[in-house]
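Beneath this line is the structure, given in structure tokens, with notes to follow.
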Amino acid sequence: MKAGKTLRYKIQQSLRILPALRLVWNSSPRLTIAFVALLWIQGLLPVVSLYLTKLIVDTVAASVNVADKGAAFSRVLLLLGFFVAITLVTTLCSSLTEIVYAAQSGRLTDYMQNVLHAKSIEVDLEYYENSEYYDALQRAQKEAPSRPGQILHRLGWLGLSSISLIAMLGLLLSLHWAIGVILFVAAIPALVVRVRYSGIMYHWQRRKTAQERQAGYLSRILTTEQHAKEIRLFDLGSFFSEWYLRLRRQLYQENIAMIKRQSVANLGAQATATTLVFAAYGFIIYQTMQGTIRFGDLVLYYQALQRGQNDLKSLLGGLSGLYEDNLFLANLYEFLDLKPKVVEPLHPKPFPIPMQNGIVFNHVSFQYATTKRQALQNINLTIRPGEVVALVGENGSGKTTLIKLLCRLYDPTFGSITIDGIDLRQFEIAALRRQISVIFQDYTKYHLTAKENIWIANINLPFTNDKIIAAARHSGADDVISKLPQGYDTILGKLFEQGEELSIGQWQKIALARAFLRDSQLIVLDEPTSALDPKAEEEVFHNFRQLIKNQAAILISHRLSTVRMADCIYVMANGSIIESGTHEELINLGNSYANLFETQAQHYK
Ligand SMILES: Nc1ncnc2c1ncn2[C@@H]1O[C@H](COP(=O)(O)OP(=O)(O)OP(=O)(O)O)[C@@H](O)[C@H]1O
């Protein structure tokens, strides 16, 4: 029973063509139907042409011994008329197929891109910190735009070739059974070569994904603004471009070597096929010379053999192509089958609005999946409603990690985080995140208008100015924006036409405005003012409590002058909290915080 189940599972896993066809269908049912219909019409028309050719040749041959040449010629003319009509319909269908194919491919590419985007959003942050994820994404991106459409195309032709092949085989078998056998035997070597090399290519591409990604990374270093300054100042242009070329050359050489080997194998297969088919041609000609078959039949069999050979080639080529598609689809599904580890609760609890008791970390420990070290160890911490809490500590002590856990970008490996006594894992993830307004130190610089840059923090608000301007005033961004050529409608960054680049501090003010716009119960600012000048920083923190009204706040900062007004300061080291209290309490304690404060204060003496 178990063995049967496993086998069924394996078959289900290895047959990926049906779900791929579902993707094609979902992208556009109407275009899919039109495409398949046109393909079939196009495939059947040559069979009709073939039969008309036979009729014309037979009529011409018969007319030689007929007295009424005029009547015979009228018949030939009528047949020629049909022939012209069929040729015109074939041309029309071919143009229509081109249009439908272009439309369907475009639609499918966008649809698949959307499917990949949806998956990228769905998976956890953890995946983004893992190179295997990027390998999987790269492979999926390679397959997604074309592979499912290709399968439909192939299946369409497969169906057609089969029908046409059956017709041709019927004809040829009526002449001699051996011709049918020859037809099949001739096609087998090419099939074997294709199947073998599909496997080789598939495994080679998987092995080389990381190298391809590295080449892509080097290309980005050379072409994006982010790296442009250093590349020039350290004169690294040719260093990186030569590195890139070395990687690409190696990939290209390996690929060509494989293609060469495949071509040699193909040559052998084709030579065998040609010899066999020519033997069959010889047989048909011999039969005609013996008078066993007529000239019209000679043409018919000759063409039937030719077409039958092509059909069989497409059929076997299609089958081996499907085998290849099935192999490569594994790359797409490897990505689409990724599952988020931070999961939604089955029966979510409503988020307390407003919070009564606040947020509590109970013995929270955490370890990133890719490391062996604990990033957080036994963290116990409370943030009451309306309270301002500060986290300080040296680089790598775990401050940002703690915030990531609070936003459920990760779940603790041990312990729990609760809000009003309810574990975070019991809230709907989006509902939890709606109540937290976080600006990380590596905030995003959106190359959108200044207004959009702030508004996207709360897209449920109407796109009007009042609240956006208020948030910008609180962060000091309003001063920056009002000096821009189109004010709030100015595009920020240099990526698009008329974009205005800002200084790092100015960008930070824009990001800070996002934090103030959000309607949340907790505001988290991770190094929010590190790039602000002292005056701007003073303006933000002078009225901080009025600014955040009754929101709770967590501030992370290395500038102790910024955090001294906090209700409670937690000092972190190596993933643990080593001290906590108000500024005065910690100074009186005379320990890490006091030493750090003294060191910083000395710079200003
Ligand atoms: N995505 C990650 N995967 C693996 N380890 C990580 C990851 N992010 C952070 N770490 C590790 O976790 C520890 C805590 O990092 P974290 O970013 O929380 O420190 P931090 O206190 O915010 O530092 P900083 O003051 O420099 O911002 C560090 O040792 C870091 O190397």
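What the table shows:
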read-out	value
Those residues of region 399-417 which are open to solvent by 10 Å² or more (accessible area, probe 1.4 Å) and more than 29 Å from the chain's Cα centre (by Cα), in sequence order	399, 413, 414, 415, 416
Matching residues, region 130-161, being surrounded by fewer than 17 Cβ atoms within 10 Å (Cβ to Cβ) and farther than 14 Å from residue 116 by Cα	130, 131, 132, 159
Condition check for residue 305: crowded, with 19+ Cβ neighbours inside 10 Å, closer than 22 Å to residue 195 by Cα and of a type in the set (A, V, I, L, M)	no
Filter result (within 15 Å of residue 367 (Cα to Cα), touching an Asp or Glu at 6+ places or on another chain (Cβ under 9 Å) and more than 15 Å from the ligand (Cβ to nearest atom)) within region 409-432	416
Residue check for residue 360: away from the ligand (no atom under 16 Å from the Cβ), buried (at least 16 other Cβ atoms within 10 Å of the Cβ), of a type outside the set (Lys, Arg) and over 30 Å from residue 154 (Cα atoms)	yes
All positions within region 245-281 that are open to solvent by less than 60 Å² (accessible area, probe 1.4 Å), within 17 Å of residue 204 (Cβ to Cβ) and aliphatic (A, V, I, L, M)	247, 251, 257, 258, 265
Residues within region 565-600 that are away from the ligand (no atom under 16 Å from the Cβ) and touching a residue at least 24 places away in the same chain (Cβ under 8 Å), tallied	5
Test for residue 95: is it small (Gly, Ala, Ser) and surrounded by 15 or more Cβ atoms within 10 Å (Cβ to Cβ)	no
Residue match in region 114-122 (condition: within 16 Å of the ligand (Cβ to nearest atom) and surrounded by 15 or more Cβ atoms within 10 Å (Cβ to Cβ))	no
Subset of region 568-580 [of a type outside the set (Phe, Trp, Tyr) and surrounded by 16 or more Cβ atoms within 10 Å (Cβ to Cβ)]	568, 569, 571, 572, 575, 576, 577, 579, 580
Residue match in region 394-406 (condition: more than 16 Å from the ligand (Cβ to nearest atom) and either hydrophobic (A, V, I, L, M, F, W, C) or out of contact with any Pro (no Cβ under 9 Å at 6 or more places or on another chain) (or both))	no
Of residues in region 363-372 being open to solvent by 70 Å² or more (accessible area, probe 1.4 Å) and free of Cβ contacts under 8 Å to residues at least 60 places away in the same chain, the one farthest from residue 386 (Cα to Cα)	372
Selection count, region 425-464, where residues are of a type in the set (A, V, I, L, M, F, W, C) and part of a loop (DSSP other than H, G, I, E, B)	5
Filter result (open to solvent by 90 Å² or more (accessible area, probe 1.4 Å), within 27 Å of residue 503 (Cβ to Cβ) and assigned to a helix (DSSP H, G or I)) within region 217-244	220, 223, 225, 226, 229, 230, 232, 233
Residue in region 56-74 that is free of Cβ contacts under 8 Å to residues at least 40 places away in the same chain and within 53 Å of the chain's Cα centre (by Cα) present	no
Residue satisfying all of: in region 551-564; open to solvent by 10 Å² or more (accessible area, probe 1.4 Å) and more than 16 Å from the ligand (Cβ to nearest atom); nearest to residue 391 (Cα to Cα) among these	564
Residue 209 being over 30 Å from residue 46 (Cβ atoms), open to solvent by 30 Å² or more (accessible area, probe 1.4 Å) and among the hydroxyl-bearing types (Ser, Thr, Tyr)	no
Of all residues making up region 375-386, the number that are more than 14 Å from residue 525 (Cβ to Cβ), crowded, with 17+ Cβ neighbours inside 10 Å and away from the ligand (no atom under 13 Å from the Cβ)	3
Matching residues, region 504-550, being open to solvent by less than 10 Å² (accessible area, probe 1.4 Å) and of a type in the set (Val, Ile, Thr)	510, 523, 524, 529, 540, 548
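The values are calculated or read from the model by the stated rules, or taken from the named source; none is laboratory data. All values reported here derive from a predicted model rather than from experimental measurement. Using ideal geometry, Cβ is built from the backbone for each residue, glycine included, and neighbour counts are taken over all protein chains shown. Side chains included, ligands, DNA and RNA excluded: accessible areas come from the protein's heavy atoms. Shrake-Rupley method; radii C 1.70, N 1.55, O 1.52, S 1.80 Å.
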